[in-house]
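The values are calculated or read from the model by the stated rules, or taken from the named source; none is laboratory data. Please read these numbers as outputs of a predicted model, since none were measured by experiment. FYI the Cβ positions are ideal-geometry reconstructions off the backbone, even for glycines, and counts take in every protein chain you see.
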Amino acid sequence: MAKSAQLENLLDALRRELGEDGLACDLAVEGRHVSEPRKRYRGQPLAVASPASVEAVSAVVRLCAGAGVAIVPQGGHTGLVGGAIAGPGELVLSLERLRRIRVLDTFDASVVVESGCTLAGLRQAAEDAGLLYPVSLASEGTATIGGTLATNAGGNLTIRYGNSREQVLGLEVVLADGRVWSDLDPLRKDNSGYDLKQLFIGSEGTLGIITAAALKLAPAPLQSVTALLASSNLHAGMALLKHLRAGLGECLSACEFMPRRALEFVLEDQPDQRDPFDCPYPWYVLVQADSALPGDNLEAASLSVFEQAIEAGLSREVVLANSLGQVNALWALREGISAAQKHGGVSLKHDISVPVARIPDFVDETLAALAQAVPGIRPCVFGHLGDGNLHFNLSQPENMDGDAFLSLEPVCNRIVFDQVRRYRGSIAAEHGIGQLRRDELARGQPLKVELMRRIKQALDPKGVFNPGKVL
Ligand SMILES: Cc1cc2nc3c(=O)[nH]c(=O)nc-3n(C[C@H](O)[C@H](O)[C@H](O)COP(=O)(O)OP(=O)(O)OC[C@H]3O[C@@H](n4cnc5c(N)ncnc54)[C@H](O)[C@@H]3O)c2cc1C
């Protein structure tokens, strides 16, 4: 860490560069830059710098690199793995003032957007232009484009449109020596050498600072169907997914699943919500289908697919949303689960993925192993059935103290992550590695981590960007 006189000089230089508005040292009023939504981590940054131009980002990087002060890039700070938390003496570089949409080209169906623009802001701009930016997350009101690219965020529509990576045509990045690498031409074809943008996507701020991106836009849906299907067990749910894929083809935009326990938590948490069915079912599958073709044939086709599902015993009952209010109510059941889990006391959360077809066996086997290790443990496993991403959450047994359950986290993690490896899955499907899963990544994939270290050394030899995260 730099000495205090040097630090004072650095802060003076940053203030001159960014103006009084662009540098906050009084962190008592900067709580959102210091702690993330689950409050598992708390930062102790030297200051928060908020540059308003790419040139200013570049100047901050040059100054910090010269003074030996590490930089932690920060977007909306909605991440849940400690990735944007700054340690003592490190500078938070917030991208929130860099939020312009530079170009939105409706003919080319592309947009060049600065990284501090919120995901919701970009989705709205695309919708206003009759197009769709097809990444959607519960945190989209605050999460930024830079953050979603730095974590390769997935979301509800991944099954159809892919994760954030699939939307990217080009990037603008400030490198560790302050130079700006700009590759924002929205080209659909470019085989001129290594595809460098892929290195920065998902690198969680450890290789460079994303300041802007050229992104693809999709046609806006003109017809949409949302329904909740009740299912007896996950094996039937999986057969249902196969059936939906065959019947709805590329119109299938989302396929989410949740157990009865998740629905009960949400109903307790959202008193104005009601159970969509008259009787309880063990599992629920939330389906969204969209089409960019005009007309109303999607609803008729979907109804026929749902009826066949019931006849084949893949689903027991279906509730179709008949208004935007009902669509939102069904999605609120799914998106409210994480927050509602507090009604089950303390919980341990795992954001994992396994090959889609193996989800039921993975869940059955892993829950059996956990029940043996922690009798009475209450699983609440839900997520994106269509892309294999499970939020493998575990609530404390009813008769166990919360702290006692937390002390079992290493035991539970070991069971879950060993199973993930046995099933050839991923320990971090959506939220990234950050600090939370760094040691687990190194334990399970030492060669991968060694190669990643070499890339880090090549792009950031002095370790300016986000130390202690991912690696
Ligand atoms: C309620 C809720 C729901 C969520 N749902 C999902 C979900 O469905 N799918 C999903 O993938 N995630 C989800 N998340 C996690 C989180 O919202 C995403 O990871 C999101 O992409 C983070 O964006 P952000 O702008 O908040 O980034 P931050 O939290 O600020 O940062 C995340 C990481 O990216 C780095 N970073 C940020 N901006 C830049 C930049 N411009 N250049 C370089 N590095 C940068 C940071 O250093 C950090 O390592 C959810 C979180 C919450 C709280």
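Side notes on the structure shown:
Residue-by-condition table, conditions (1) assigned to a helix (DSSP H, G or I); (2) within 20 Å of Ile159 (Cα to Cα); (3) of a type outside the set (A, V, I, L, M, F, W, C); (4) modelled with pLDDT of 95 or more:
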{"position": "Leu241", "(1), (2), (3), (4)": "yes, yes, no, yes"}
{"position": "Ser253", "(1), (2), (3), (4)": "no, yes, yes, yes"}
{"position": "Arg261", "(1), (2), (3), (4)": "yes, no, yes, no"}
{"position": "Glu268", "(1), (2), (3), (4)": "yes, no, yes, no"}
{"position": "Cys279", "(1), (2), (3), (4)": "no, no, no, yes"}
{"position": "Val287", "(1), (2), (3), (4)": "no, yes, no, yes"}
{"position": "Gly295", "(1), (2), (3), (4)": "no, no, yes, no"}
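- Considering Gln273, Gln308, the condition of being touching a residue at least 12 places away in the same chain (Cβ under 8 Å), surrounded by 14 or more Cβ atoms within 10 Å (Cβ to Cβ) and in a loop (DSSP other than H, G, I, E, B) is satisfied by Gln273 alone.
- Restricting region 146-167 to residues that are of a type in the set (A, V, I, L, M) and near the ligand (Cβ under 8 Å from one of its atoms), the residue that is farthest from Thr206 (Cα to Cα): Ala153
- Condition broken by Asp183, with the remaining ones in (1) surrounded by 14 or more Cβ atoms within 10 Å (Cβ to Cβ); (2) free of Cβ contacts under 8 Å to residues at least 60 places away in the same chain; (3) within 23 Å of the chain's Cα centre (by Cα) satisfied: (3)
- Residues of region 199-219 classified as part of a loop (DSSP other than H, G, I, E, B), under 18 Å from the mean Cα position of the chain (by Cα) and at negative phi, total: 3
- Residues in region 103-133 that are away from the ligand (no atom under 13 Å from the Cβ) and either crowded, with 24+ Cβ neighbours inside 10 Å or of a type in the set (Ser, Thr, Tyr) (or both): Thr106, Ser110, Val111, Tyr133.
- Of the listed requirements (1) under 18 Å from Ala214 (Cα atoms); (2) within 11 Å of the ligand (Cβ to nearest atom), Thr142 misses just one: (1).
- The listed residues are Arg62, Arg38, and the only one of them that is of a type in the set (Lys, Arg) and either within 12 Å of the ligand (Cβ to nearest atom) or surrounded by 21 or more Cβ atoms within 10 Å (Cβ to Cβ) (or both) turns out to be Arg38.
- Residues of region 320-359 satisfying the condition of being in a helix (DSSP H, G or I), away from the ligand (no atom under 16 Å from the Cβ) and either in contact (Cβ under 8 Å) with a residue 24 or more places away in the chain or touching a Cys at 6+ places or on another chain (Cβ under 9 Å) (or both): Gln326, Val327, Ala329, Leu330, His343, Gly344, Val356, Ala357, Arg358, Ile359
- Selection from region 65-119 of residues that are within 21 Å of the chain's Cα centre (by Cα), part of a strand (DSSP E or B) and of a type outside the set (Val, Ile, Thr): Pro73, Gln74, Leu93, Ser94, Glu114
- Criterion applied to Leu267, Leu175, Leu252, Leu234 was being farther than 30 Å from Glu317 by Cα, under 25 Å from the mean Cα position of the chain (by Cα) and surrounded by fewer than 23 Cβ atoms within 10 Å (Cβ to Cβ), and the one residue passing it is Leu175.
- Reported count of residues in region 413-443, each being farther than 20 Å from Gly82 by Cα and in contact (Cβ under 8 Å) with a residue 24 or more places away in the chain, is 7.
- Unique match (being within 16 Å of the ligand (Cβ to nearest atom) and assigned by TED's automatic domain parsing to the domain that holds Phe277) among Ser253, Ser231: Ser253
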